[in-house]
Each structure stands twice: as C-alpha cells, then as structure tokens.
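Inspection log for the structure reproduced underneath, given as structure tokens.
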Amino acid sequence: MNTKILVVEDEAIVAEDIAKTLSDLGYVVTSVVKSGNRAIEKAKTDQPDLVLMDVILKGKLDGVQAANIIRKKFKIPVIYLTAHADVTTLERAKATEPFGYLLKPFGDRELQSTIEMALHKSQMEHRIEHLNSVLRALRNIDQLIVREKSMKKLLQEACESLVESLSYNTAYTMLVDSSGNLIEFIQSGMDNPPLTKQDVVEWGHLPPCTQEALKNPGVVVIKDVSLCED
C-alpha cells in the first residue's frame, strides 16, 4: 500500500512542486492545503500516514500549532518544512516532537530519506505503544486469575480486560477440551457481535481460525480473515 501524505504549504508554486516530487517518488498526496485549520480538517478526513508541514502559515494557526494538534488528536507523524532555522522556531518545533525537519530548499533524496525515517520511527512508536497495552492486559488478567474463583466470571472479566486495554471492538474467549470441543464461550465489546455462541453450536465446530490457532502453542496471529468465516 502506497504511503499517503498530506502537504501543508501556503506558497502555491512550492506546494505544487512538492506534490509532484512526492508523486514521482511513489507516494500518494491526499491533499494540498495552505492553512493550519485546513490541515487539521484534512488530517481527520484523509487519515494520511504522514504530514509535511510548513512552519510559517498565514491565519490563526501557524504550522507548529497545527502540527501539535494533529499529533495529539490523530497521532500522525509530522515533518516540518521551513526556510526559517532560527533558534526560537527550532525550540517551538522541537516541543511538538516532530519526526523530521527539512530546510528549504531540499533535494528529492533528502525528502525521501526523511520521510522513510519518519515512517519507520512512527511504526516503532506504535509497536511499543501496542506492546505496552498488551503487557497491561496480561497484568490485569494475572490479577484476575489470583482473585477470581468462578471460571466463567474469570473468562468474562479477562475478555472485558482485553477490549478495554487493547481497544479492540470485540474479543472472544473460548474454553475447549483436549478434543477441541467447546465448553465455554465468552464475548465482550460490541452489542451485536459478528460471532455468538449459538453460531458455534449450530456449526458444530469451532471457527477455522480458532482451529488453526489450536494447532500451535502460544500466540497465533491469523492474517487471513476468511478463515474466520463470517
């Protein structure tokens, strides 16, 4: 999937040149805007992978202010583009935790390498954030195991903990015997989940994705969602 980039630049000729360069490099330019307010709007609607943000923008919000809002609200990485490298500007920019800083004029290779480094840094950040969420969920479940005596209630609370800690829409917990027969089925999250205990009972077997997971010890990630039938 091609990387989607939002360009925020108030000089039309410069913006057009940057957009063309990005397209030539294989990136998808979702929008080109010239104000901080429009940048925030497009960050929300376009959901780009990255924002190239000019520091000096006309209007109520400059690039640094807009980048700070985008970073906090949507957690989208921002690279600053500017011809102004004074100490005050740099300090304001650094406070927003940017993923890169390019001084105009810049070359194609410099632009591409900065973008790729920013994307890599963002991916690592998301992985660390997810790992921390997983660790919190495991800690919560460990605490449940110690204090909860009812198996069904333990499974229910563990399932709810996964939804809360990992921000899943829905989570399922299935207790099966050594032959793979369903003993208990718990779901948490959506009011109308896509899978219910009745579905499993009517099928007469566990979903293929669950059967696949049972073949392996430990954690299994199923990327082919078709294995989970409906």
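The values are calculated or read from the model by the stated rules, or taken from the named source; none is laboratory data. Small disclaimer: the values here were computed from a predicted structure and weren't measured. Because the Cβ atoms are built from the backbone with ideal geometry, glycine has one as well, and the counts that use them run over all protein chains shown. The area values use the complete protein model at the heavy-atom level, side chains included, leaving out ligands, DNA and RNA. Shrake-Rupley method; radii C 1.70, N 1.55, O 1.52, S 1.80 Å.
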**Report entry** Test set (1) among the acidic types (Asp, Glu); (2) outside any helix (DSSP H, G or I); (3) open to solvent by less than 70 Å² (accessible area, probe 1.4 Å) - residue 125 fails condition number
**Finding:** (2)
Query raised in the report: Which ones in the range 167-196 are hydroxyl-bearing (Ser, Thr, Tyr) and outside any strand (DSSP E or B)?
Result: 167, 168, 178, 179, 196
Requested in this report: Could you figure out which of (1) outside any loop (DSSP other than H, G, I, E, B); (2) surrounded by 13 or more Cβ atoms within 10 Å (Cβ to Cβ) isn't true of residue 145?
Outcome: (2)
Report summary line: Screening 94, 60, 73 for residues that are under 14 Å from residue 10 (Cα atoms), without any contact (Cβ under 8 Å) to a residue 40 or more places away in the chain and of a type in the set (D, E, K, R) leaves only 60
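Quick one: would you say residue 113 is of a type in the set (Gly, Ala, Ser) and modelled with pLDDT of 95 or more?
yes
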Query raised in the report: Which of the residues spanning the range 83-136 are in contact with a helix residue (DSSP H, G or I) (Cβ under 6 Å, 6 or more places away or on another chain), of a type outside the set (Lys, Arg) and more than 20 Å from residue 3 (Cβ to Cβ)?
Result: 93, 96, 133
